[in-house]
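The values are calculated or read from the model by the stated rules, or taken from the named source; none is laboratory data. If you're wondering where the values come from, they're calculated on a predicted model, not measured in any experiment. All Cβ positions, even for glycine, are placed from backbone atoms using ideal geometry, and neighbour counts span all protein chains on display. All accessible areas refer to the heavy atoms of the entire protein, side chains included, with ligands and DNA or RNA removed. Shrake-Rupley method; radii C 1.70, N 1.55, O 1.52, S 1.80 Å.
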Amino acid sequence: MRNRRAVVCGAALAGLLVSGCGGSGEARPRDVGKLLDGASTRPYSVQLQATSLRNGVQVYRSQGRVNLNGPLTGRLDDQVRGHPGEEVVITAAHVYRRPVTGGGPWQLFDAATAEGGIPTKNLPGYARLLIGHGARAVDGDDEGTGPTWRLSARITPADLKGVDPVVAGNLDGVGSVASDLWVDGQGRVVRVEQQLHAPDGSAIKNTLTLRDFGDPTSVTDPG
């Protein structure tokens, strides 16, 4: 799976994932750092969708429910262009995969293979990294959780080492990453976009969206 996940990350790397709104006269805070500092640290679950486009063509999509603010765990359906779709179960220690059609035995991989080019395990850290690289909050789209604030900055894979070294390694060979990130009024990251060029010159766009926040879900090793 390390190789298979490299395909997923490679899909994002070559060959791996706005208007303001709000009530009239509403005073909207722009200190996203304070929003992040005040966000709940309790674990939660969220509906996730991640996509990767290469030269405008979708080469990867993953969607399902994951737990955050703790170990990254969850259940997803993955689709890599040109490959059969797969069921994915992520536990704190392992990733399990098998074809969506036909079932069959689960393949077992290290938990690190669940990560791609966006540091899903540490989205608040990613937001703080962008702020540290000069991002200033501007009004963002309503991403389904109310008004948001968008941060934009250009970073390098080396900058990500302190946020998530696995993700930094997945982006090895990329020059720089144009990053946009949306934070809602509760200090939660609800959307991330990355635009970059793979070593072969391919234009890559990775997008992560988070919706339907709720209590953590139970995830166990599949039988």
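Which net charge results for the neighbourhood of residue 46, defined as the other residues with beta-carbon distances under 10 angstrom from its beta-carbon, given Lys and Arg at +1 and Asp and Glu at -1?
+2
Largest first, how would 164, 172 line up by accessible area (1.4 Å probe)?
172, 164
What FRET efficiency comes out for the pair residue 186/residue 55, r = Cβ-Cβ distance, R0 = 25 Å, nearest 0.05?
Efficiency computed from Cβ-Cβ geometry: 0.10.
How big is the Kirkwood radius of the chain, worked out from every pair of different alpha carbons and given in Å to one decimal?
17.8 Å is the Kirkwood radius here.
Go through 97, 54, 128 and list them by solvent-accessible area, largest first, probe radius 1.4 Å.
Per-residue accessible area, sorted high to low, gives 128, 54, 97.
Suppose every K and R has +1 on its Cβ and every D and E has -1 on its Cβ; what is the size of the dipole of region 113-215 about the Cα centre, in Debye to the nearest 20?
Dipole of region 113-215, to the nearest 20 debye: 280 debye.
Which one of 69, 144, 95 is farthest out on the positive end of the charge dipole of the chain, using unit charges on Cβ (Lys, Arg +1; Asp, Glu -1) and the Cα centre as origin?
Of the candidates, 95 comes out farthest on the positive side.
If amide H atoms are built 1.01 Å from N in the plane of the peptide, which residues on other chains or at least 5 residues away come under 5 Å of the amide H of residue 176?
When sequence neighbours closer than 5 places are left aside, the close amide H contacts are 197.
Could you order 148, 220 by accessible surface area, starting with the largest, using a probe radius of 1.4 Å?
So, going from the largest accessible area down, we get 220, 148.
Based on Cβ point charges of +1 for Lys and Arg and -1 for Asp and Glu, what charge dipole magnitude is obtained for the chain about its Cα centre, in debye rounded to the nearest 20?
I would put it at about 240 debye.
Could you order the peptides 129-139, 183-193 from most to least packed, using the average number of other C-beta atoms within 10 Å per residue?
Per-residue mean Cβ counts within 10 Å order the peptides as 183-193, 129-139.
How much of the pair distance distribution for region 45-177 lies past 26 Å, counting alpha-carbon pairs only, in percent?
Values: 2610 of 8778 pairs.
That fraction is 30 percent.
Just read off the accessible area of residue 110 with the full protein assembly in place, 1.4 Å probe, to the nearest 10 Å².
Around 100 Å² of this residue is reachable by solvent.
Can you list the aspartates and glutamates whose alpha carbon is less than 14 Å from that of residue 34, not counting same-chain residues fewer than 8 positions off?
Candidates past the 8-residue exclusion: 184.
Give me the number: length gained by fully extending residue 195 to residue 107, i.e. 0.36 nm times residue separation minus the C-alpha to C-alpha distance, one decimal in nm.
28.5 nm
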